[in-house]
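Reviewing the structure listed below.
The values are calculated or read from the model by the stated rules, or taken from the named source; none is laboratory data. Model, not experiment: these values are computed from the prediction. Every residue, glycine as well, gets a Cβ built from its backbone with ideal geometry; the counts of neighbours run over all protein chains shown.
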Amino acid sequence: MPNENKDQNINPYLDGRREWNERYGNYIKQVKTWKTVTFISLFITLVSILGLIYIGSKNKLVPYVVEVDKLGAIQAINYAKQSNINNQSVIKYSLADFIQNFKTIYGDAKVQKEMIFKIYRYLSPSYSAYNVVNNYYQDHSPFERLTKERVRVQINSVVKINEDTYQVDWEEIVSDPRGIKIRTDNFKASLTILTVPPTTESEIIKNPIGLFIKEFNFTKIIK
């Protein structure tokens with residue numbers, strides 16, 4: 001009887017499954033563990049590579065300004081701070097610079113040409129101010145005028161009218177080629193601007209604050 005009970009407890013299917021679990025169970029568990037470790041390692045590696053790419057793309061150069069005296073001795077060293085393109089002083093200076101280059105008549109054609117180039121850095125064919133300047137130059141060639149007279153521009157005021165419009169008042173001292181004063185004319189202009197921060201090196205060199213004149217109208221003041 002004992003032998004019969006013992007034979008009844010022997011099940012070849014259960015024994016085979018038990019042997020499979022003992023022999024291959026640990027192996028399968030180890031494979032799963034290594035797969036998990038591998039995926040975690042790949043994820044960490046990917047994050048590290050992306051981090052290195054981000055750090056490498058950042059500018060590591062720190063610009064600074066060195067102030068020197070007339071003899072070249074260093075007076076102060078400070079980190080250069082990014083300029084605010086909406087700074088009113090910068091905008092007003094740029095508009096005054098535009099008017100001076102636009103209406104000044106110099107005795108040297110080469111210098112006159114350089115001033116014209118400076119004017120167009122504030123202009124874009126997309127805006128009406130570009131056509132206003134073109135039409136004026138077609139009717140009043142500065143190269144023809146410089147053979148007869150000179151014009152010195154003196155800016156009297158640059159006033160902000162609203163959010164993006166400014167009024168500039170100036171006077172023009174007209175003289176003959178010998179420098180003898182002929183008359184003084186007074187003008188005022190209305191300029192509507194737009195600031196577009198430069199994104200390329202050439203844009204930074206040409207127009208560092210990204211200021212463009214959209215609308216430009218000027219008139220002579222009769223006194």
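Some observations on this one:
- Residues of the stretch 134-158 satisfying the condition of being under 15 Å from THR104 (Cα atoms), β-branched (Val, Ile, Thr) and in contact with a strand residue (DSSP E or B) (Cβ under 7 Å, 6 or more places away or on another chain): VAL151, VAL153, ILE155
- Every condition in (1) surrounded by fewer than 12 Cβ atoms within 10 Å (Cβ to Cβ); (2) at pLDDT 95 or above holds for TYR130 except the one numbered (1).
- Yes/no for LYS103 being modelled with pLDDT under 95, within 22 Å of THR165 (Cα to Cα), in the same structural domain as VAL174 (by TED's automatic domain parsing) and surrounded by 13 or more Cβ atoms within 10 Å (Cβ to Cβ): no
- Residue pairs whose Cβ atoms lie under 7 Å apart, separated by 6 or more positions or on different chains, with the first residue in the stretch 82-98 and at positive phi and modelled with pLDDT under 90 and the second surrounded by fewer than 17 Cβ atoms within 10 Å (Cβ to Cβ) and outside any helix (DSSP H, G or I), do not occur.
- Single unsatisfied condition, VAL151 versus (1) in a loop (DSSP other than H, G, I, E, B); (2) within 20 Å of ALA189 (Cβ to Cβ); (3) not hydroxyl-bearing (Ser, Thr, Tyr): (1)
- The one condition in (1) basic (Lys, Arg); (2) at pLDDT below 75; (3) buried (at least 16 other Cβ atoms within 10 Å of the Cβ) that LYS58 fails to fulfil: (3)
- Some residue of the stretch 134-141 being surrounded by 15 or more Cβ atoms within 10 Å (Cβ to Cβ), under 23 Å from TYR93 (Cα atoms) and either touching a helix residue (DSSP H, G or I) at 6+ places or on another chain (Cβ under 7 Å) or not aromatic (Phe, Trp, Tyr) (or both): no
- Among residues of the stretch 160-188, those that are under 26 Å from ASN217 (Cβ atoms) and not in a strand (DSSP E or B), counted: 4
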